[in-house]
Structure formats: C-alpha cells, structure tokens
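Handing you a structure now.
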Amino acid sequence: DTEVTQTPKHLVMGMTNKKSLKCEQHMGHRAMYWYKQKAKKPPELMFVYSYEKLSINESVPSRFSPECPNSSLLNLHLHALQPEDSALYLCASSQDGAGSYGYTFGSGTRLTVV
Amino acid sequence: KQEVTQIPAALSVPEGENLVLNCSFTDSAIYNLQWFRQDPGKGLTSLLLIQSSQREQTSGRLNASLDKSSGRSTLYIAASQPGDSATYLCASTGFQKLVFGTGTRLLVSP
C-alpha cells in the first residue's frame, strides 16, 4: 500500500458544528502532516506529528485540534469554524521526520463552512 | 527563511512541445527537492524527488535537475500531452517542513 487515504472527500459544516477529518497510511511512515490549501495558493503547513507526538504547530487557531491515535492514523477535529476556514485540507506522510525519502500526499478533503 | 519561486506562473503550449519549468530557492542549504503535480481540486501527486546528494532524476518523459549552489531546479517535460495539463509545484524539504513554490499552471492544447 503506497497511499495516504483521506475521508471524507467533501464536507459541508455549519459554524456551530463539530466534525473530524481522518487520514490513514499503511506504509510504515513515522511522520504525518496536515496542510491547508486555499484556491490558487500553495499548501500551508498546519501540524506535524513525528513518532505519534506533536512536534510542530504553526500557530493554528485552537478551533483546529489534531490527534494521532497511532502511527497509521491522523485526525483533525474541527469546532466552531469560520467561513474563511473553507479550503482543501491535505494530509501527508513521510518515512522519517526529515523527509529523507520524500512526502506522500492524500487526495484531500474539500471543506466548506457555511 | 526559505522562499521558493516558480517561473513562469502560467504556461500554455500546443501538444508535442518540450518545455521547462523553473524553480528557485533562496537558501541553498536544502535537504531534498521534490516536484509535485496537482489537478484542480485534487491532492498532490509526487513526480520526482531529488535527494541532496543527487543532481537529477528521470521518470518517463520527465527529468528534474537540481543545482544547490545556484539555488535552482528545473523540470523538463518532453513531448507534452493534453493530460499533462495541471499545476506543477516544487518544494524544498528541510527538517519536518516542506516549503512550496508558487506553482506553474500548465495548459497543453491538442
């Protein structure tokens, strides 16, 4: 298995809702990442988990809460989001924390906040 | 702080042309350089990874080179096809971080 799987592919949520994004990989990668991408812009790093521990939080608002239950799974819990949070959320993984062998991305979750 | 720039921002060519996409970075102390393709509304597909000790990588019609001393990488696409139409992103890799370029939107017309 050489894929990063993200669910759901599309999500529409109200500003008072609580939802979660899920990311899974079975490549034995030990680092996992969340990126946010707005239209016509490059992806921006949000969080990094290395060996199941949060190692980087790029000053992301607390309405985004990451969780790494095990080395294969990464969640992003969403609560009280704003319309400007609408974006494509991408999950990625790498074999080690340095990205020595490159990064693998999932197909993303298109999030719309109404 | 690493900054990555891609030129041109957009490119439109007829099918069959050979083309070059450029990527420049400000800090030559990068680890690796990775090229991705992104179709509209989709995730990123890895095309080529050039590790720090390498100068180029090839996959099919794609060839990517890396010159760390000049802070430049190029992606060469031979005999372009309409299916190559997408946004191409280069990214420099440092510890736990990818720094993405601004992207080149490529349109190949039949």
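The values are calculated or read from the model by the stated rules, or taken from the named source; none is laboratory data. Keep in mind that what you see is a predicted model, and the values were worked out from it rather than measured. Quick reminder, even Gly has a Cβ in these numbers, built from the backbone with ideal geometry, and neighbours come from all protein chains shown.
Pairs please, first residue from the stretch A:91-114 and on the phi < 0 side of the Ramachandran plot and more than 7 Å from chain B (Cβ to nearest Cβ), second anywhere and surrounded by fewer than 20 Cβ atoms within 10 Å (Cβ to Cβ) and assigned to a strand (DSSP E or B), Cβ atoms under 7 Å, 6+ apart in sequence or on different chains.
Close Cβ pairs (under 7 Å, with a partner that is surrounded by fewer than 20 Cβ atoms within 10 Å (Cβ to Cβ) and assigned to a strand (DSSP E or B)) amount to A:Thr109/A:Leu11; A:Leu111/A:Leu11; A:Thr112/A:Val12; A:Val113/A:Met13; A:Val114/A:Val12.
List pairs: first in the stretch A:51-64 and assigned to a loop (DSSP other than H, G, I, E, B), second basic (Lys, Arg) and surrounded by 13 or more Cβ atoms within 10 Å (Cβ to Cβ), Cβ under 7 Å, 6+ apart or cross-chain?
Within 7 Å, the pairs are A:Tyr51/A:Arg30.
Go through A:Lys36, A:Lys22 for me and flag whichever is charged (D, E, K, R), away from chain B (no Cβ under 14 Å) and either surrounded by 14 or more Cβ atoms within 10 Å (Cβ to Cβ) or part of a strand (DSSP E or B) (or both). Lay out the reasoning, then the answer.
Details: A:Lys36 fails: away from chain B (no Cβ under 14 Å).
Result of the check over A:Lys36, A:Lys22: A:Lys22.
Specify which of the listed residues (B:Arg37, B:Arg72) is in contact (Cβ under 8 Å) with a residue 24 or more places away in the chain, of a type in the set (D, E, K, R) and touching a Phe, Trp or Tyr at 6+ places or on another chain (Cβ under 7 Å).
Numbers: B:Arg72 fails: touching a Phe, Trp or Tyr at 6+ places or on another chain (Cβ under 7 Å).
Only one candidate passes the filter, namely B:Arg37.
Filtering the stretch A:72-114 down to residues that are in a loop (DSSP other than H, G, I, E, B) and under 14 Å from the mean Cα position of the chain (by Cα), which residue is nearest to A:Leu21 (Cα to Cα)? So that I can check it myself, show each step before the final result.
To start, the set of residues in the stretch A:72-114 that are in a loop (DSSP other than H, G, I, E, B) comprises A:72, A:80-82, A:86, A:95-102, A:106-108, A:114.
Okay, now just the ones that are also under 14 Å from the mean Cα position of the chain (by Cα), so A:72, A:86, A:106-108.
Working: A:Ser72: 14, A:Ser86: 13, A:Gly106: 12, A:Ser107: 12, A:Gly108: 10 Å.
Looking at the filtered set, the residue picked out is A:Gly108.
Let me ask something else about it. Scan the stretch B:100-110 residue by residue and report those that are surrounded by fewer than 16 Cβ atoms within 10 Å (Cβ to Cβ) and not in a strand (DSSP E or B).
First, pick out the residues of the stretch B:100-110 that are surrounded by fewer than 16 Cβ atoms within 10 Å (Cβ to Cβ): B:107, B:109-110.
Within the stretch B:100-110, just B:Pro110 meets the criteria.
Could you please let me know if B:Thr26 is within 14 Å of another protein chain (Cβ to nearest Cβ), closer than 19 Å to A:Pro43 by Cα and of a type in the set (Val, Ile, Thr)?
Values: within 14 Å of another protein chain (Cβ to nearest Cβ): no; closer than 19 Å to A:Pro43 by Cα: yes; of a type in the set (Val, Ile, Thr): yes.
Considered against the rule, which asks whether it is within 14 Å of another protein chain (Cβ to nearest Cβ), closer than 19 Å to A:Pro43 by Cα and of a type in the set (Val, Ile, Thr), B:Thr26 comes out as no.
Related question: Counting just the residues of the stretch B:55-99 that are crowded, with 18+ Cβ neighbours inside 10 Å, in a strand (DSSP E or B) and touching a Lys or Arg at 6+ places or on another chain (Cβ under 9 Å), which one comes out modelled with the lowest pLDDT?
Once the filter is applied, the top-ranked residue is B:Val99.
Related question: Is it the case that some residue within the stretch B:46-53 is over 15 Å from A:Lys40 (Cα atoms), modelled with pLDDT under 95, surrounded by fewer than 19 Cβ atoms within 10 Å (Cβ to Cβ) and more than 10 Å from chain A (Cβ to nearest Cβ)?
yes
For the stretch B:6-19, indicate whether the set of residues that are within 12 Å of chain A (Cβ to nearest Cβ), in contact with a Gly (Cβ under 8 Å, 6 or more places away or on another chain) and closer than 25 Å to A:Thr104 by Cβ is non-empty. Let's see the steps before the verdict.
Looking only at the stretch B:6-19, we keep the residues that are within 12 Å of chain A (Cβ to nearest Cβ), and these are B:6, B:9-10.
Remaining after also requiring in contact with a Gly (Cβ under 8 Å, 6 or more places away or on another chain): B:6, B:9.
In the following step, the residues that additionally are closer than 25 Å to A:Thr104 by Cβ were identified as B:6.
So far as the stretch B:6-19 goes, yes, one or more of its residues are within 12 Å of chain A (Cβ to nearest Cβ), in contact with a Gly (Cβ under 8 Å, 6 or more places away or on another chain) and closer than 25 Å to A:Thr104 by Cβ.
A follow-up question, please. Six or more apart or on different chains, Cβ atoms under 6 Å: show the pairs whose first residue is in the stretch B:91-110 and closer than 17 Å to B:Ala10 by Cβ and whose second is at pLDDT 90 or above and charged (D, E, K, R).
Final answer for the pair search is B:Val108/B:Glu15; B:Val108/B:Asp84.
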